[in-house]
Amino acid sequence: MNEEVVLKQLYLWNDWWVNGSVPKNKLETFQRRDLVYIKEKLEKTKILAIVGPRQVGKTTLMYQSIDFLLKELKVNPANILFVNMDDLLLRLNTDNFLEDILRVYFENILKKPAKDAEKTVFLFFDEIQALDNWNSQLKNWYDQKFNLKFVISGSSSTNILEGSKESLAGRMDPQLVFPLKFLEVNRYNEVAEKGFIDSVNWALRDALRQSIAKKTPKHLFDELKKQKLQLIPFEQKIQINLNTYFIRGGYPGLLKNKKTSEVESDLDNYIQATIYRDIVQLYDVRSPKKLNALITLIAQTGVKTTSYANLAHDLQIRSETLESYLSYLESAFLISEAEFYSKSINVRQRNPKKIYFNDPGIRNSLLSQVNDALLKDSTELGLIAETVAFDHTRRLAFTQSEFKNSNLSYWKKNGEIDIILESIKKCIPIEVKYSSDIKRKTIEEVNQFVEKYDCPFGLILTKDTLELKGKTILVPLWMYLLIC
């Protein structure tokens, strides 16, 4: 180990050791809601794992957390270590990466062994998946019960969440971070005075819970009418934001005023970095070209029910390989799947699945349609609206089920229901019709599903219509997204 080089590099990552604060260029003025939950977890003993796709702001959240520790909790700057585990210079100058870094830190900065730390020492490790056997190494440190708080980040759910179930069982507290929701995009763009959009969200969520509990659409519909009146002064700005969201998606780095060519280039870089660094390297994929072809084929297919056998045939790969590739894409947070809605597991598995991209910008980039022309294509606009609705419903299900994994389904018989939310004991059918003209047949199909499966109510997500038809609420998509 070259101790001098390692120490110099650590000083570069940890400016607060000298200046007492996090440099402004590492802090965004905008703070997403995830930071609230992270702050609460910083004072608990479990390893905090900030997990999500690349470029969603995990590193920024780490720096904002360090800023919180320094300014609000008055933690001694020497008690905070930040390391980017991808740092090539550190890797080249260490023999045992983690152990060498910690030894240099404890000897030169904290100036005492880990076991003698009286106050909590905060250890931030960014992109932890770059470290071989990271989970067993952290387990060894954690189990010694020193006064250490580990905060890690990672870009692969398989590597971080699934891969640590055995070695770090009961020791890790995950915080999932995704591209910004539409609600947060409006907060970022300061559509209204501070706190107003949040108050709309809280009021609508409370009404949603009441309507579910009392099995009636009344509470939610009445609150939607009330909030729509309050939102009139901001409705045009919100609709403009929605159009931009349809095109670019919710990656934080794309929200600034960038040229279309720059946005398209950034999205392509996100995709390639995810495929080659979070999938190909991690899973030793033999044919990256087939993986690239698969993700492009999914984008071209839209959000129709998809036969695995047909996909495998089109790509000329085995069904087992296809299923592995799909699981890799899902673990890297690029796609999600919806099964056919049924109480029977066998029926669910026999029917084809629907595959969604988690972010519309990613899909648009694969199809080279990151531009305003998309807004004039009603077919593509409908697909993007369903993509956005599915992603936001998935997140709503997660919060409604008290942050437990919840499945979304689809239903198809005589008609089709795009999304079935089934995370809260009672299922809610959600049909996406991004149009001002909602046909009576669509309303009847949703109401029939509500009656057949004893649902509290149904939803049809429209372009601009807010009405109550039987036990089905027609609600503008932009308003629904403010609930999620």
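Of all residues in the stretch 416-437, those that are more than 18 Å from residue 351 (Cβ to Cβ) and surrounded by fewer than 19 Cβ atoms within 10 Å (Cβ to Cβ) total 6.
Based on this model, can you work out whether residue 102 counts as closer than 17 Å to residue 148 by Cα and crowded, with 17+ Cβ neighbours inside 10 Å? So residue 102 fits the description; yes. Tally up the residues in the stretch 450-469 that are in contact (Cβ under 8 Å) with a residue 24 or more places away in the chain, more than 28 Å from the chain's Cα centre (by Cα) and closer than 25 Å to residue 381 by Cβ, please. Summing the residues that are in contact (Cβ under 8 Å) with a residue 24 or more places away in the chain, more than 28 Å from the chain's Cα centre (by Cα) and closer than 25 Å to residue 381 by Cβ in the stretch 450-469 gives 3.
Annotation note: of 396, 408, the sole residue that is crowded, with 17+ Cβ neighbours inside 10 Å, over 22 Å from residue 307 (Cα atoms) and either modelled with pLDDT under 95 or not assigned by TED's automatic domain parsing to the domain that holds residue 270 (or both) is 396. Among the residues of the stretch 294-325, those that are closer than 28 Å to residue 382 by Cβ and touching a Phe, Trp or Tyr at 6+ places or on another chain (Cβ under 8 Å) comprise 294, 298, 299, 303, 305, 322. With respect to residue 295, determine if the residue is at pLDDT 90 or above, in the same structural domain as residue 431 (by TED's automatic domain parsing) and assigned to a helix (DSSP H, G or I). Against the criterion (at pLDDT 90 or above, in the same structural domain as residue 431 (by TED's automatic domain parsing) and assigned to a helix (DSSP H, G or I)), residue 295 qualifies. In the stretch 269-277, the condition of being at positive phi, in the same structural domain as residue 417 (by TED's automatic domain parsing) and charged (D, E, K, R) is met by no residue.
Summed over the stretch 294-344, the residues that are touching an Asp or Glu at 6+ places or on another chain (Cβ under 7 Å) and more than 27 Å from residue 427 (Cβ to Cβ) give a count of 2. Anything in the stretch 406-451 that is among the acidic types (Asp, Glu), closer than 18 Å to residue 462 by Cα and in a helix (DSSP H, G or I)? List them, or say none. The answer is 444, 445. Scanning the stretch 52-76 for residues that are of a type in the set (Asp, Glu) and touching a residue at least 40 places away in the same chain (Cβ under 8 Å) yields a count of 1.
Picking from residues in the stretch 80-92 that are crowded, with 20+ Cβ neighbours inside 10 Å and of a type outside the set (Phe, Trp, Tyr), the one that is farthest from residue 60 (Cα to Cα) is 90. Among all residues of the stretch 353-369, there is none that is surrounded by fewer than 23 Cβ atoms within 10 Å (Cβ to Cβ) and of a type in the set (Asp, Glu). Considering the stretch 306-346, and only residues there that are among the polar types (S, T, N, Q) and in a helix (DSSP H, G or I), the residue that is nearest to residue 361 (Cα to Cα) turns out to be 331. Of the residues making up the stretch 240-252, those that are crowded, with 17+ Cβ neighbours inside 10 Å, assigned to a helix (DSSP H, G or I) and either of a type outside the set (S, T, N, Q) or touching a residue at least 60 places away in the same chain (Cβ under 8 Å) (or both) number 6. Within the stretch 53-95, being more than 23 Å from the chain's Cα centre (by Cα) and closer than 15 Å to residue 125 by Cβ holds for 80, 81, 82, 83, 87, 90, 91, 94. Restricting attention to the stretch 204-226, the residues being polar (S, T, N, Q) and more than 29 Å from the chain's Cα centre (by Cα) number 1.
A quick yes/no check of all residues on (1) crowded, with 20+ Cβ neighbours inside 10 Å; (2) under 20 Å from residue 278 (Cβ atoms); (3) among the hydroxyl-bearing types (Ser, Thr, Tyr):
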| site | (1), (2), (3) |
| --- | --- |
| 112 | no, no, no |
| 120 | no, no, yes |
| 147 | no, no, no |
| 160 | yes, yes, no |
| 167 | no, no, yes |
| 175 | yes, yes, no |
| 186 | yes, no, no |
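Residues that are in contact with a helix residue (DSSP H, G or I) (Cβ under 7 Å, 6 or more places away or on another chain) and either loosely packed, with under 11 Cβ neighbours inside 10 Å or modelled with pLDDT of 95 or more (or both) within the stretch 22-32 comprise just one, 22. A count restricted to the stretch 278-295 and to residues that are closer than 18 Å to residue 358 by Cβ and touching a residue at least 40 places away in the same chain (Cβ under 8 Å) stands at 3.
Residues are listed down the side, and each one gets a yes or a no for (1) within 27 Å of residue 106 (Cβ to Cβ); (2) in the same structural domain as residue 94 (by TED's automatic domain parsing); (3) free of Cβ contacts under 8 Å to residues at least 40 places away in the same chain:
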site	(1), (2), (3)
11	yes, yes, yes
14	yes, yes, no
22	yes, yes, no
31	no, yes, yes
39	yes, yes, yes
46	yes, yes, no
50	yes, yes, no
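Scanning the stretch 173-199 for residues being part of a loop (DSSP other than H, G, I, E, B) and of a type in the set (Lys, Arg) gives a total of 2. Would you say residue 375 is in a helix (DSSP H, G or I), closer than 30 Å to residue 261 by Cα, assigned by TED's automatic domain parsing to the domain that holds residue 412 and in contact (Cβ under 8 Å) with a residue 40 or more places away in the chain? Yes.
The values are calculated or read from the model by the stated rules, or taken from the named source; none is laboratory data. Predicted model, so just to flag it, every value in this text is computed and none were measured. Here the Cβ is made from the backbone with ideal geometry for all residues, glycine too, and neighbour counts use every protein chain on show.
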